[in-house]
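Everything below concerns the one structure shown next.
The values are calculated or read from the model by the stated rules, or taken from the named source; none is laboratory data. It should be emphasised that the depicted structure is a prediction, and the values quoted were computed from it without experimental measurement. We place every Cβ from the backbone using ideal geometry, glycine too, and count neighbours over all the protein chains shown. Please note that ligands, DNA and RNA were not included when accessible areas were found on the heavy atoms of the full protein model with its side chains. Shrake-Rupley method; radii C 1.70, N 1.55, O 1.52, S 1.80 Å.
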Amino acid sequence: PTRRSVMATASPPASPGHASTSPTSPGGYSGGGGRVGGLGGSPGGGSGGDVAAASTDDALLLPWDPEVAAGVLDNGMRFMVRPHRFPPNRVLANLVVHAGSLNESDREQGIAHLVEHCVFLGSEAFPRTEALRRELRELGMSYNADSNAYTHFRETVYTLEAPAVMEAESDAGEGDGGGKRGGGASGEGGSGGGETIGRILNILHQLAFKATFDKAALDNERTVVLSEAAYRNSVGDRLCRCMWAQSHWENALPKRWPIGKAELIKGFTAADVRAFYRRWYQPRNMTLVIVGDIDARAVVRQIA
């Protein structure tokens, strides 16, 4: 796919029979159809019925922010884009995968977190971590400070924060991919950092759909995850687990701590990790959120 439409054309990693094991899309915007709303309207451009299920009392809903441009791509991925002038010349992109430790089976405890670590280690466009580091440096970003992720019970979130307009774009002047530094949010005098947004979308696309899970890289990262588990094994952590076991005794939360179980993490194979990735990392199970000093309409055009 072209860089501009990389998220709109995204599809799950190839997997025999993946349709039969694919997750049900969580609540929120309904269906596909490429609807776009916001910037003066509700998501989907309708009366607001897409915001919540029909049974929800409208009086309980927070008013929709008219500055948010939101919609659903044909592949089922939802998106929300909002211009925000402060801090100037910065853009933050979050890709929310609606799957976390609660989506693990008994034998997969810790695998969602391991997947989160491993997608940064290699993909089709960035076969090694150094290739991704180089791409981030060209965008004015650093590998850990400006690119990160976390795994929780119900979601795994990937975050990228970058200058809204790179130096090369700022100097390009008028025209496609050009624009003035910090001028994107107004929608005047620029494209809102076209090349920057396109490359950020491509990075997220690689993380979400093109990770390779090389065995050697997986084995190396496994030690990092196990060290993190050991570090978290404190009195405070154990006390917290006991409190959750008491307050959430009727559900699975106390049994699906995101860090997982060390004895299971030690045995996960590359095939195990790929299976979880293929099952849950699907466009219709994701939401893309972009906010920053940008032209929201231009960003929506790039997403769609």
If you add up the charges near Glu161, with Lys and Arg at +1 and Asp and Glu at -1, over every other residue whose beta carbon is less than 13 angstrom from its beta carbon, what do you get?
-1
Accessible area of Ser11, 1.4 Å probe, to the nearest 10 Å²?
70
Based on Cβ point charges of +1 for Lys and Arg and -1 for Asp and Glu, what charge dipole magnitude is obtained for segment 258-304 about its Cα centre, in debye rounded to the nearest 20?
240
Tell me, what ³J(HN,Hα) does each residue in segment 264-279 have, in order and in whole Hz, if you take phi through Karplus 6.51 cos²θ - 1.76 cosθ + 1.60 with θ = phi - 60° and put x for Gly and Pro?
7, 4, 4, x, 5, 9, 4, 5, 4, 5, 4, 4, 5, 4, 5, 6
Take Asp74, Asp272, Asp295, Asp57 and sort them by solvent-accessible surface of the protein heavy atoms, 1.4 Å probe, largest at the top.
Asp74, Asp57, Asp272, Asp295
A correct Karplus calculation of ³J(HN,Hα) over segment 293-298, with 6.51 cos²θ - 1.76 cosθ + 1.60, θ = phi - 60°, whole Hz and x for Gly and Pro, returns 7, 9, 8, 4, 5, 5
Distance in nm between pseudo-label sites at Lys255 and Tyr143 (7 Å out along the Cβ direction from Cα):
3.9
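Among Lys266, Lys261, what's the order by accessible area (1.4 angstrom probe), most exposed first? Present the calculation step by step, with values, prior to reporting the outcome.
Numbers: Lys266 135, Lys261 85 Å².
Result, largest first: Lys266, Lys261.
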